[in-house]
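The values are calculated or read from the model by the stated rules, or taken from the named source; none is laboratory data. Note that the structure is predicted; figures quoted are calculated from it, not measured. Cβ coordinates were reconstructed from backbone atoms using ideal geometry, including for glycine residues, and neighbour counts include every protein chain displayed. Ligands, DNA and RNA are stripped out before the accessible areas are found, and what is left, the full protein with its side chains, is counted by its heavy atoms. Shrake-Rupley method; radii C 1.70, N 1.55, O 1.52, S 1.80 Å.
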Amino acid sequence: SSGINAEWPLRPGGAGALTLDDVETQVMLLNACMDVAKALANLIDSTKDACGKTTDDPSMEQLKSSAKEMVQSVSSLLKTVKSAEDKASRGTRALEITVDAVSNDIKILDNATLSAAPATPEDLIRAAKEITFATTKAVSAGNTAKQDDIAAAGNMGRKAINDMLATCKGAALNADNEALKIKVLQSGRSTSMAYRDMLEYMCEALSANNTDSNQLREHSKKIADCVTDLIECAKELKSGADWVNPDDPNVIAENELLNAAASIEAAAKKLSLLQPRKKTKKEKSTDCDSALIPLL
């Protein structure tokens, strides 16, 4: 505890203490802080679930996993704080953080108990394009071997993978069959793993000062193939459902006609329920008097 407190510039002031020229390092520090916060939240949830359960309950395994993740995230934060002062290693550290973050994001994807916000096929296509941009930036950074470029690539890739996996989980909710749902999730998982493999290679190559551009191209080609699969999944999701453009004049006119028809039908139902009002005794007496008047 004392060790953590001594190295605890993870609050906003810690990242803000860096200069404007160190924006990527600020992002790296804040990402490490968020990892600790997420790990702590997961640990709290796991503790609640495991409370009162027996030692052989599955929730206990989840609790152990969450505790391990918490320790790893704090350890990673401490390493990140130290590397922030070392310009020669901050880029490589950003890649290592992203590798760990991608691994955790894949676990979240595979966790069926965690919900996801709904996403459209168009959202999935946009997320796939972001992976392409992040891959291009990573390959470029690997070729230049500049720590600032590498840090920027690591931060960009982390966000792109996180957004893509969340979108995959949300888009899978729109699948009209279980096979397509599994395909969407598997495609997202494969893309993440291919991207993680590329970053792991970059970490090793940069540490050995021996980056092979051919190897980077091979990794980027695998990612490109995975991105193509993602886009195909988005097309299947779109063709398997009744998707329309709400701004299309024909769609607007059709909706207005449907609304008008619904209003007419509702009015007709109300009319069919109307019945003649029953007359009171006084009204009946008045009718009798009116009928007798002509006879007088």
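Mind checking which pairs have a first residue in segment 85-103 that is more than 12 Å from Asp35 (Cβ to Cβ) and a second that is part of a loop (DSSP other than H, G, I, E, B), Cβ under 8 Å, 6 or more apart or different chains?
Once the first residue is more than 12 Å from Asp35 (Cβ to Cβ) and sits in segment 85-103, its partners that are part of a loop (DSSP other than H, G, I, E, B) give Gly91/Lys146.
Quick check on segment 236-245: of everything there that is assigned to a helix (DSSP H, G or I) and surrounded by 13 or more Cβ atoms within 10 Å (Cβ to Cβ), which residue is modelled with the lowest pLDDT? Lay out the reasoning, then the answer.
To start, the set of residues in segment 236-245 that are assigned to a helix (DSSP H, G or I) comprises 236-239.
Subsequent filtering for residues that are surrounded by 13 or more Cβ atoms within 10 Å (Cβ to Cβ) retains 236-238.
On the way: Glu236: 91, Leu237: 90, Lys238: 83.
The extreme case among them is Lys238.
So Thr144 clears everything in (1) more than 17 Å from the chain's Cα centre (by Cα); (2) of a type in the set (Ser, Thr, Tyr); (3) closer than 18 Å to Lys221 by Cβ except one condition, right? Which one?
Every condition holds for Thr144 apart from (3).
Just give me the residues in segment 106-139 being open to solvent by 20 Å² or more (accessible area, probe 1.4 Å), closer than 24 Å to Thr92 by Cα and out of contact with any Asp or Glu (no Cβ under 7 Å at 6 or more places or on another chain), in sequence order. Even if it seems obvious, please write down each step before you answer.
Looking only at segment 106-139, we keep the residues that are open to solvent by 20 Å² or more (accessible area, probe 1.4 Å), and these are 107-108, 110-118, 120, 122-123, 125-126, 129-130, 132-133, 136-137, 139.
Then keep just the ones that are closer than 24 Å to Thr92 by Cα; that gives 107, 130, 132-133, 136-137, 139.
Correct list: Lys107, Thr132, Phe133, Thr136, Lys137, Val139.
In segment 62-96, how many are farther than 20 Å from Ala151 by Cα and out of contact with any helix residue (DSSP H, G or I) (no Cβ under 9 Å at 6 or more places or on another chain)?
Result for segment 62-96: 1.
Which residue, of Ser59, Ser65, Ser75, is touching a Cys at 6+ places or on another chain (Cβ under 9 Å), without any contact (Cβ under 8 Å) to a residue 40 or more places away in the chain and open to solvent by less than 80 Å² (accessible area, probe 1.4 Å)? So that I can check it myself, show each step before the final result.
Details: Ser65 fails: touching a Cys at 6+ places or on another chain (Cβ under 9 Å); Ser75 fails: touching a Cys at 6+ places or on another chain (Cβ under 9 Å).
Among Ser59, Ser65, Ser75, only Ser59 is touching a Cys at 6+ places or on another chain (Cβ under 9 Å), without any contact (Cβ under 8 Å) to a residue 40 or more places away in the chain and open to solvent by less than 80 Å² (accessible area, probe 1.4 Å).
Please state which one of Asp105, Asp149, Asp100 is under 30 Å from Ser239 (Cα atoms) and either charged (D, E, K, R) or in contact with a Gly (Cβ under 7 Å, 6 or more places away or on another chain) (or both).
The match here is Asp105.
Quickly run through segment 141-177 and pick out the residues that are of a type in the set (Lys, Arg) and outside any helix (DSSP H, G or I).
Lys146
Among the residues of segment 178-199, are any open to solvent by 100 Å² or more (accessible area, probe 1.4 Å), modelled with pLDDT under 90 and in a helix (DSSP H, G or I)?
no
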